[in-house]
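Have a look at the structure below before the remarks.
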Amino acid sequence: MNYSRFIAVGLFVLILLFAFALPNPDVVPDLEKGDLDLPWNIRVHEDNSSEVFQLRLTHSTLADAITRFREPEGIAIYKGAKSDSLEAYFGTVNIGPLKAKLVTTLQTSPAEIEEMLSRSTGLSLSDSADKKIELAVEDRQQALNKKISAITFIPTYSGLESDFFKDRFGEPDAWIRLNENAVQYFYPSKGLSIIIDVEGKEVLQYNHPDSFQLPEEAVTEAINPA
C-alpha cells in the first residue's frame, strides 16, 4: 500500500475541512458595518424618518414589505385595550442570519378603521388575547398601499442578555423595570424600544422618532437595570 499517498490525501481533506470551517473575513465584519439588514442597522433620514430592514417608516408601504419578505400570513384589525390598529403579520422571516416574527403596523385613521370593521368577515383572538378582525377582500387590497408606521421584531431565540443589545445599540436613553424578569430600553432618537425578558422573548419595536414618546415612569439615570 502506498502510505505516503494515503497520508497526502488525508491531509488535503483536513485542510479543506479546516478552510470551510473558518469564518469568511470579508463577511463576518459586515455584521457591524451596516451592509446587512440587521436589527441594529437603523438609518435616520434627513426628515427624521427611520429605516430598518430596507423599510422606511411612514414612507414604505405594505406592498414594499411583501416585496422585501413575502405575502403576510394575515392582515387584520387588532382591537387592543387602548386603541385599534391595522396590522400585517409575516410570521417567521429570515433577516440576514437571523430568524424572527415580524409584524407591520399600517397607517390608518379611526374613520378608516370603522369602515373596515363594518365590512369585516370574522372575529377571533390573537396570541395576545386581543380581538382580531379579519378584513374583507377589498380592504385587504387597499391595505397594500398603506404606509408602515411601526415594525415589531421578535427573535425566535430567547434569553439574550442586555449587554448583547448595548453592544449594538449603545446605552439606552431611558429604561423601565417591567417585572423581576423583564426590562425595557428606550432609544428615542432611533424610535426604538426593546423589551429584554430573561424568561421570555425579546421584543424590538420600531416607530418614527417624531412619534416616539417616553413613558412618564421611564428612568433616565445612567443605571444598569439588568
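The values are calculated or read from the model by the stated rules, or taken from the named source; none is laboratory data. This one's a predicted model, so the numbers in the text were calculated from it and none came from an experiment. Neighbour counts are summed over all protein chains in view; Cβ atoms, including those assigned to glycine, are modelled from backbone coordinates with ideal geometry.
Go through segment 158-178 and give me each residue that's modelled with pLDDT of 90 or more and over 29 Å from residue 45 (Cβ atoms).
177, 178, listed by residue number.
Table: residues versus (1) touching a residue at least 60 places away in the same chain (Cβ under 8 Å); (2) closer than 18 Å to residue 211 by Cα.
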residue	(1), (2)
153	yes, no
157	no, no
164	no, no
173	no, yes
178	no, no
183	no, no
187	no, yes
190	yes, yes
193	no, yes
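Given the criteria within 22 Å of residue 212 (Cβ to Cβ) and surrounded by 13 or more Cβ atoms within 10 Å (Cβ to Cβ), does residue 109 qualify?
no
Among (1) more than 16 Å from residue 146 (Cβ to Cβ); (2) β-branched (Val, Ile, Thr); (3) in contact (Cβ under 8 Å) with a residue 40 or more places away in the chain, where does residue 104 come up short?
Going through (1) more than 16 Å from residue 146 (Cβ to Cβ); (2) β-branched (Val, Ile, Thr); (3) in contact (Cβ under 8 Å) with a residue 40 or more places away in the chain one by one, residue 104 breaks only (1).
When segment 156-209 is examined, which residues are found to be part of a helix (DSSP H, G or I) and of a type in the set (Phe, Trp, Tyr)?
Residues satisfying the conditions are 164, 165, 169.
For segment 95-111, which residues satisfy the criterion of being within 20 Å of residue 156 (Cα to Cα), more than 11 Å from the chain's Cα centre (by Cα) and either at pLDDT 95 or above or in a strand (DSSP E or B) (or both)?
If the condition is that a residue be within 20 Å of residue 156 (Cα to Cα), more than 11 Å from the chain's Cα centre (by Cα) and either at pLDDT 95 or above or in a strand (DSSP E or B) (or both), then 105 is the only one that fits.
Can you pull out the residues in segment 62-73 that are buried (at least 17 other Cβ atoms within 10 Å of the Cβ) and either more than 16 Å from the chain's Cα centre (by Cα) or part of a loop (DSSP other than H, G, I, E, B) (or both)?
69, 72
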